[in-house]
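All of the numbers you see were taken from the coordinates with simple rules; none came from a lab. Fair warning: this is a prediction, and the values are worked out from it, not measured in the lab. No Cβ is skipped: glycine too gets one built from the backbone with ideal geometry, and neighbour counts run over all protein chains shown.
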Amino acid sequence: MTAAGVTGVTPLIETRALNVRFGGVHATRDVNFSLAEAELRCVIGPNGAGKSTFFKLLTGQVKPTSGQILFRGKDISRMQPHEPGRMGIGIKTQVPSLFNGLSVWENVWLSAQRVNLPQRAKDVTRTTLERVGMLAESEAITGTLAHGQRQWVELAVVLAADPPLILLDEPAAGMSDAEVARTAELILEINRQHALVVVEHDMSFIRMIAKKVTVLHQGQVIREDTPDRIMADPLVQQIYLGKKPH
Amino acid sequence: MARFAASWKSAALCIAIGVLLLIFLPNVIDDFTLIQVTIYLVMSVLAVSLGFIWGFGGILCFGQAAFFGLGAYTYAISVVNMGDSTVPFMLSIVVPALFAALLGYVIFYGRLSDVYMGVITLTVTLILFNLINSTAGPEWKIGNAPLGGFNGIPAIPPLNWPGNADESITPRGMFNLSLGLLIVVYAGLRALISSRIGHVIVAIKENEQRAQLLGYDPRAYKLFVFTLGGAIAGLAGCLFANWGSFTSPTIFGLAQSAQIIIWVIVGGLGTLMGPVVGCVLIQWLTTQIGTQQTFNSNLVLGAILVLFVLLVPKGLVPSIGMLLERLGRRSAPAGRSSDAKPVALAKEQQA
């Protein structure tokens, strides 16, 4: 049953029996997923579990073989790749996807100006860069920045468009402990206004931010629960953490 | 925008040099040289069209000559039929633009990859070459204009003052018009690149997927760039047909298409002035080589291309720009002014 059916409220995003096949590979199997407005959900799973494919489906980069993706009740599963972004789904990819030849300012401004008038776009660019601590680097060419800085720039690019749903693919990857703590803090702050789906491997990081975790395995949702219960679940321990059930 | 001040300084300098040439050059060179310079300018308009779509739109079109040839033939056929050149001039821009829009729609909305883009545009050019080439018989004519097959269309009536067919353009007027239009095209494209749309166009060239994720539709922007490039190449074709009062299928040929790409590579990709510099330089060199018998001009041009790709891969204008920047940095005092905002796009647009 869908979340809408249970609560009577239309979820922000919902997938129904979502399937994707790449030739003989069944990358996503009957995924039913529902996220409420302003909810924060972590998605975990071993390599090849289908997490990245799931994000590509939500952002229109991959078309489902069957099933539906509903954003605020509207089917977006057959839309053109640029339309989910236009509707308000932002994504920070695992390897920062940026306009490398452009400056940090231009990267963020390009995001802000799509949804704002010129003066407002400038203000949004400045405040967003300030928010992620990258204002001092605004003139730097993005391709010359360190990996960690590029992560912040990409986050700023996503935030500047003010999307209701933000997908974060391993936001803490390659970050120092201090940066991880700062990222967790920022994610919780972002969650006050935006719904978030976070794919992450670092369980300590997940504990810092998550209230609910979805576990993907071989393209299927196998568990959905609080972080503590997920960590204690024998099946999750077996397939994800590599522990055998007692 | 203040952020693009540096970029606009170089643009203003280029435009000022162009205006000075427009005013003074006809007074200091003889008519023969002026006619020679005019063809350099006409071809520069063509070079800028590819420089724009390739360097800023990221679209490597092997068939820019197709739009150039269409512009020339459209002008020739329509002016022979109409007499007055006002409408033919406009048609020579509109017809190639529409053709580019149609071709671009199939390519971009059909989501064909870059490799197919090159193959399709090259094939279209060669099809047009063969098509026009096989129209030699007297039955091949549009209205009063025989297409002439390989012999082309001779004695094309020149441009006249709008609405007055008796007042034809002189060689001096042709120089003024060609340089004037080159300045207008350059300034217009610079303004476009600095605009909101221009930023998105460059962003799509940088990372199409990220642009898509932000909600921009790359297909629409690429189609716009490709169509505009086609229109400018058509304008160049019209000027070409006027320059020699003649057009033939060779302008659709492989050599013509390759030459435009060489101009852009030598002058510098990612700039608008680079293709102009490359075009003038290579054409001047070709003319000089043509005055002697020792070296074959195609061989020399091939060697120049190889040397540039290996030794000056960025092209002349960006390399000179980088050199000047380095020299400027050395002579500038330490510390950074808060007003100086060197940005990537500004660098990309220099010259």
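Listed conditions (1) within 14 Å of chain B (Cβ to nearest Cβ); (2) closer than 26 Å to A:Ala184 by Cβ; (3) among the basic types (Lys, Arg) are all met by A:Lys51, apart from (1).
Checked against the criterion of being among the charged types (D, E, K, R) and closer than 26 Å to A:Arg41 by Cβ, the candidates A:Glu130, A:Glu170 yield just one match: A:Glu170.
If the requirement is being in contact with a Pro (Cβ under 6 Å, 6 or more places away or on another chain) and within 14 Å of chain A (Cβ to nearest Cβ), which of these qualifies: B:Ile204, B:Ile193, B:Ile197, B:Ile169?
That would be B:Ile204, the only listed residue that is in contact with a Pro (Cβ under 6 Å, 6 or more places away or on another chain) and within 14 Å of chain A (Cβ to nearest Cβ).
Of everything in region A:109-148 that's over 21 Å from A:Glu185 (Cα atoms), among the aliphatic types (A, V, I, L, M) and in contact (Cβ under 8 Å) with a residue 12 or more places away in the chain, which residue is farthest from the other protein chains (Cβ to nearest Cβ)? Ranking the qualifying residues of region A:109-148, first place goes to A:Leu145.
Assessment of region A:166-185 against the conditions (among the β-branched types (Val, Ile, Thr), more than 15 Å from the chain's Cα centre (by Cα), farther than 20 Å from A:Gly90 by Cα and within 13 Å of chain B (Cβ to nearest Cβ)) yields no matching residue.
Okay, residues lined up against (1) under 26 Å from B:Ala211 (Cβ atoms); (2) more than 14 Å from every other protein chain (Cβ to nearest Cβ); (3) in contact with a Phe, Trp or Tyr (Cβ under 6 Å, 6 or more places away or on another chain); (4) crowded, with 22+ Cβ neighbours inside 10 Å:
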{"residue": "A:Phe22", "(1), (2), (3), (4)": "yes, yes, no, no"}
{"residue": "A:Asp30", "(1), (2), (3), (4)": "no, yes, no, no"}
{"residue": "A:Ile76", "(1), (2), (3), (4)": "yes, no, no, no"}
{"residue": "A:Met79", "(1), (2), (3), (4)": "yes, no, no, no"}
{"residue": "A:Glu83", "(1), (2), (3), (4)": "yes, no, no, no"}
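Entry remark, region B:213-247: residues being of a type outside the set (Gly, Ala, Ser), facing chain A (nearest Cβ under 10 Å) and surrounded by fewer than 24 Cβ atoms within 10 Å (Cβ to Cβ) number 4 in total. Against the definition (touching a Pro at 6+ places or on another chain (Cβ under 7 Å), more than 14 Å from chain A (Cβ to nearest Cβ) and of a type outside the set (A, V, I, L, M)), how does B:Phe175 come out, yes or no? Against the criterion (touching a Pro at 6+ places or on another chain (Cβ under 7 Å), more than 14 Å from chain A (Cβ to nearest Cβ) and of a type outside the set (A, V, I, L, M)), B:Phe175 qualifies.
Of the residues examined, A:Ile91 is one that is assigned to a strand (DSSP E or B), facing chain B (nearest Cβ under 9 Å), in contact with a helix residue (DSSP H, G or I) (Cβ under 9 Å, 6 or more places away or on another chain) and closer than 24 Å to B:Arg219 by Cβ.
Select, from B:Val94, B:Val79, the only residue that is in a helix (DSSP H, G or I), crowded, with 18+ Cβ neighbours inside 10 Å and in contact (Cβ under 8 Å) with a residue 40 or more places away in the chain.
B:Val79
As for region B:7-14, it holds no residue that is surrounded by fewer than 16 Cβ atoms within 10 Å (Cβ to Cβ), in contact (Cβ under 8 Å) with a residue 24 or more places away in the chain, part of a helix (DSSP H, G or I) and of a type in the set (A, V, I, L, M, F, W, C).
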